[in-house]
Amino acid sequence: MPHSFVIFGASGDLTHRKLVPALYHLFRKGRLPKDTCIVGFSRTEFTHEAWRNDLAKAVARYVGADFDAKLWDTLAQNIYYQPGDIGEAKDFAALAKLLKEIEKTSPSTRVYYLATAPQFYEQATQQLGKAGLADESGGQRRVIIEKPFGTDLASAKHLNDAVHTFFRERQVYRIDHYLGKETVQNLLVLRFANTIFEPIWNRNFIDHVQITVAEEVDVGRRAGYYDSAGVVRDMFQNHLLQLVMITAMEAPVRFEADAVRNEKVKVLQAIRPLTGADIHRDTFRGQYRGYADAEGVKPGSHTATFAAIKLWIDNWRWQGVPFYLRSGKAMSCRTTQIVVQFREPPHMLFADGPKDASEANRLVIQVQPAEGIQLQFETKVPDAGMRLRQTDFDFRYQREFRGVIPEAYERLLLDALEGDASLFARADEVEAAWGICDPILAEWQRSDQPALQIYEPGLWGPEESTQWMADQGRQWFDNCPVLH
Ligand code: BG6
């Protein structure tokens, strides 16, 4: 059966850097469904040939040594281009005609990828609908929507309603590329394909959980977008809350889209809403020095480039276990890690043993870039009386599996082509995530508490954030993983 993968925003950066390289990798590995056509749609006046050439350069650049010109030429025979404006109904009619021609037979499966600027998502879905392109009488029709999905709860609801005018929820794939990361999926495997972790994965054994998404880069050329978004919209509403859900969810009954997403959304529903005083106490915000002078940033901007947020999940499993989330730009290194900090032993026999939870067992899930898992535990140092030292079991993807870890987009694009929405966000999930972030953003806007702390680039965010943790009797696991 023919498959068409239609990219709106075809001349953009995401298409060149991520989408088409991912499709190329899938093709190279023989995973792209047979008879898959890739169709680009954007305002630039390319011919089919010109777009193929343009993509060839990008793919060669981004896939590096895996680029095989002959293989590319084979894939390129199935690449087409439709110049068009998202505002113009006639351009969607032309697209419909082109799709019919290249697909030759019906039914066909179509995936529309909205890689445009976010303000066009609504209009694109309306035009698709009006042109009959969402109608499933000729085969399955799906739409993938990039982040950000709205800028707050109201806009996300509005966008969901608009999308649902023509697409049913099961046709809608809201992307969060963190769910495409191997290590994030492995967290599901770690928890639900093993018996040894689940019995201790709860308030009886866990003191707290830390989720850090640190980036070494600053906002660079994205300052224009970033200044109106800030770290909570850019990273927390989507990626960090996804990591919270996967870490905290109950076992779904099946690995199927709705079963998985039902459990995930329950986690968000159980997060205790933060109100004024909680926000002053349990959130923390920072901005790296130099941000306010960057091009594209409003002078005197108060946009946070770093935040730390303490959340409580009010359910049986997690009652009393804080989840600390933090993320920032211009930090010491690039690392995404989930730290499950266990409690200290209830009665310590050894004078040299762990004194508090920060010295107790710890499970560190390295999401990136040193993908792996470390379990830290106490060991007796030989020939040294009863001296103890923390050592670890150290699992590393590179050592165990060799080879390159695929880009998140590969898995996600393939899942969308095959109709598996397990790793995509559902409407209620996105709205619940905004429901958690909105009050924080509103309070930060309204009040000068917590104060915005300025931090030097290259550190773990503001120094005060270390103190903020220390005041709660805990400490951040500041660790730049060693890559090898
Ligand atoms: C994006 C954010 O969603 O994720 C960026 O908009 C951020 O600001 C990026 O840099 C991080 O993704 P990754 O995969 O590099 O961790």
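Amide H contacts of Lys147 (H built 1.01 Å from N, in plane; Pro and chain starts excluded): Ile175 sit under 5 Å, all sequence-distant by 5 or more or on other chains. In the chain, the DSSP beta bridges split such that about 55 percent are antiparallel, to the nearest 5.
By DSSP, what percent of the beta bridges with both residues in region 230-339 are antiparallel, rounded to the nearest 5?
Numbers: 12 of 12 bridges.
Rounded to the nearest five, the antiparallel share is 100 percent.
Expressed as a fraction of 2.2 N^0.38 Å, the C-alpha radius of gyration for the chain is 1.04. Extension gain for Tyr225-Ala384 works out to 51.5 nm (0.36 nm per residue, less the C-alpha to C-alpha distance). Taken about its Cα centre, region 128-272 carries a charge dipole of roughly 340 debye when the Cβ of each Lys and Arg holds +1 and the Cβ of each Asp and Glu holds -1.
With a simple spin-label model that places each label point 7 Å from the Cα along the Cα-to-Cβ direction, the separation between Ser137 and Thr195 comes to 5.5 nm. The angle between the Cα long axis of helix 408-418 and the longest principal axis of the Cα atoms of the chain comes to about 50 degrees, rounded to the nearest 10. Go through region 112-125 residue by residue and turn each phi into a ³J(HN,Hα) via Karplus (6.51, -1.76, 1.60, θ = phi - 60°); whole Hz please, and just put x for glycine and proline. Here the 3J(HN,Hα) series is 9, 9, 8, 10, 8, 5, x, 5, 9, 4, 4, 4, 4, 5 Hz. Dividing the helix sum by the residues of the chain, where each DSSP H run of 4 or more adds -39500 (n - 2.57), gives a mean residue ellipticity at 222 nm of -10500 deg cm²/dmol. Angle check, please: helix 89-103 long axis (alpha carbons) against the longest principal axis of the chain (alpha carbons), in degrees 0 to 90, nearest 10. Here the helix axis deviates by roughly 90 degrees. The modelled label-to-label distance for the pair Val217/Lys298, using points 7 Å beyond Cα in the direction of Cβ, is 2.5 nm. Using a cutoff of 8 angstrom between alpha carbon atoms and counting only pairs six or more residues apart, the relative contact order for region 50-191 works out to 19 percent. The ellipsoid that matches the Cα gyration tensor of region 353-398 has semi-axes, each √(5λ) in whole angstrom, of 25, 13, 5, with the longest given first. Please work through the chain and write down the cysteines that have no neighbouring cysteine Cβ at a distance under 4.7 Å. Singleton cysteines: Cys37, Cys437. Amide H contacts for Asn361 (H built 1.01 Å from N in the peptide plane; partners 5 or more residues away or on another chain; cut-off under 5 Å): Phe342. In this rough spin-label picture, where each label sits 7 Å from Cα along the Cβ direction, the Gln475-Phe350 distance is 1.9 nm. Between Arg142 and Arg110, Val111, Tyr112, the built amide H atoms are under 5 Å apart, and every one of these is 5 or more places off in sequence or on another chain.
Derived scalar couplings between HN and Hα for region 369-386 equal x, 8, 3, x, 9, 10, 10, 9, 8, 7, 9, 7, 6, x, 6, 9, x, 10 Hz in order, rounded to whole Hz, by the Karplus curve 6.51 cos²θ - 1.76 cosθ + 1.60 (θ = phi - 60°), x for Gly and Pro. About its Cα centre, the chain has a charge dipole of approximately 760 debye under the convention of +1 per Lys or Arg Cβ and -1 per Asp or Glu Cβ, with nothing else charged.
State to the nearest 20 debye the size of the charge dipole of region 244-352 about its Cα centre, where the only charges are +1 on K and R beta carbons and -1 on D and E beta carbons. Intermediate results must be reported in sequence, preceding the final value.
Working: 15 positive and 11 negative charges, 44 e Å.
Charge dipole of region 244-352: 220 debye, to the nearest 20.
Inter-part distance, region 316-379 to region 394-412, computed on C-alpha centroids, equals 23 Å. In region 168-208, a dipole from Cβ-located charges (positive for Lys and Arg, negative for Asp and Glu) runs towards its positive end, and of Asn186, Gln171, Asn202 it is Gln171 whose Cα lies farthest in that direction. The angle separating the long axis of helix 182-192 from the principal Cα axis of greatest extent in the chain is about 60 degrees.
Values in this text are rule-based calculations from the coordinates and carry no lab data. Treat the numbers as computed from the prediction; the structure is a model and nothing was measured. Reconstructed Cβ throughout: ideal geometry from the backbone, glycine too, with neighbour counts over all protein chains shown.
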